[in-house]
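Please treat every number below as a calculation from the coordinates, not as lab data. Just so it is clear, the structure is predicted and the values come from calculations on it, not from any experiment. Positions of Cβ are backbone-derived with ideal geometry, glycine not excepted, and every protein chain shown enters the neighbour counts.
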Amino acid sequence: MMRVLTVALVAALVLTGASLDTRAQSDAPPIKIGYAISRTGSFAPGAQATQEPSYILWAEQVNAAGGINVKGQKRKVELISYDDRSEVETIVRTFEKLMVTDKVDLILPPWGSTANFAVAPLANRHGYPVLAPTALSMKLVDMKLPYFFSMLPQPAGVDAGSLVQSRR
């Protein structure tokens, strides 16, 4: 899971023209990266076991290495995060706040398909790429949102009826 998240984060940075580098640090402002994640509620066990610790570890490692080179300037990562309480309405509100009020440079995806269904159209409307390592739903892919990228292989042509038939 950590490898998928690392690939997703690096891909997001590439999409914005940033790269990891160890050149001299500058006084450039930090790259503000926002996310809302389930710290409480029914999604919290999954989000806290697999996703938020990876975000924090990644930011710590990038900052310890001096930050991210953006057009020749080293910039630290500043994470801005909120508890979405595993509630779809709160997920949407907090991501809207990150994009519109906090004006973060990038967003990190929420945990799970349900949350990604809520965030993907909003992120698309505001022009934020979403690289979703925990969304497993062909319906998300079928929405054909230009800023949504599924990081998990999607099941193709599998339905419960086919599975039952194959067991006979």
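For the peptides 137-149, 92-104, 121-133, 52-64, residues were scored by their other Cβ atoms within 10 Å and the scores averaged per peptide; the highest-first order is 121-133, 92-104, 52-64, 137-149. Exposure proxy ranking for Val70, Val119, based on other Cβ atoms within 10 angstrom of each Cβ and starting from the fewest, stands as Val70, Val119. Taking every Cα-Cα distance in the range 17-148 and sorting them into 5 Å bins starting at zero, the pair-distance distribution P(r) comes out as 2, 11, 20, 21, 19, 14, 8, 4, 1 percent.
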